[in-house]
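Trainee: Here it is, the structure, as structure tokens.
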Amino acid sequence: MNSQNRDQRLKEAAQAGDIDALYGLIRQDAFVLERIKEASFARKLNQDGFSPMHLALQHDKILMVLWLLDVDEGLARVKGRRGMTSLHYATEQGNIPILTEFYEACPESIKVVTFEGDTALHIAVKNNQMEPFRC
């Protein structure tokens, strides 16, 4: 598969929120994630306002989340619908292992606010998910 075709398929899969297509592309080209920085699709939002990282979290594709984070830790700060980042979403869900990964990879992501001005801590309080923030 040539790079233009691969990039177009990556973009289409990301825009459609098609996690299965992303996995299929990875099976065809094991190094596709290493080239993500070259392809801006990883920061693009689909028509519903979600990035590939958001979609992977929503579909419990944790390995995909970790791969994306490993390739570009800044993906943890990409704002989607309502200005929520993947960190905000993981906080809302109380996903402690992923929260730990996000914080270790991108500590500044804890300061990012949603369009409503909420940090991950605000979201934790609103959703009674305080366990990740206990010392």
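Trainee: Projected area of the chain, taken from the Cα convex hull and averaged over every viewing direction, in nm²?
Mentor: Numbers: hull surface 30.6 nm².
So the Cα hull casts an average projection of 7.7 nm².
Trainee: Something else: Subtract the Cα-Cα distance of His122 and Gln93 from 0.36 nm times their separation in residues, and report this length gain in nm to one decimal.
Mentor: On the way: separation 29, 0.36 × 29 = 10.44 nm, distance 1.32 nm.
Full extension of this stretch gives 9.1 nm more.
Trainee: Can you tell me, using C-alpha contacts under 8 Å and at least 6 residues apart, the relative contact order of the stretch 3-133 as a whole percent? Don't jump to the answer; show the numbers that get you there.
Mentor: Values: 167 pairs, mean separation 23.7, N = 131.
Contact order relative to length: 18 percent.
Trainee: If exposed chymotrypsin sites (Phe, Trp or Tyr not before Pro) are those in a DSSP loop with at most 16 other Cβ within 10 Å, what is the longest stretch of the chain that has none? Intermediate results must be reported in sequence, preceding the final value.
Mentor: Values: sites that count: Phe31, Phe115.
In the chain, the maximal stretch lacking such sites is 32-114.
Trainee: Give me the extension gain from Asn2 to Lys44: residue separation times 0.36 nm, minus the current Cα-Cα distance, reported in nm with one decimal.
Mentor: 13.0 nm
Trainee: For the modelled label position 7 Å from the Cα of Leu66 along Cα-to-Cβ, which residues of the stretch 100-122 have backbone nitrogen atoms closer than 20 Å?
Mentor: Correct set: 100-107.
Trainee: In addition: Subtracting the Cα-Cα distance from 0.36 nm times the residue separation, let me have the gained length for His59 to Ala30 in nm, one decimal. Could the numbers behind the result be given before it?
Mentor: Working: separation 29, 0.36 × 29 = 10.44 nm, distance 2.10 nm.
Taking His59 through Ala30 to full extension adds about 8.3 nm, to one decimal.
No value in this document is a laboratory result; all are computed from the given coordinates. Quick caveat: nothing in here was measured; it's all calculated off a predicted structure. Note that we place each Cβ from the backbone using ideal geometry, even for glycine, and neighbour counts take in every protein chain shown.
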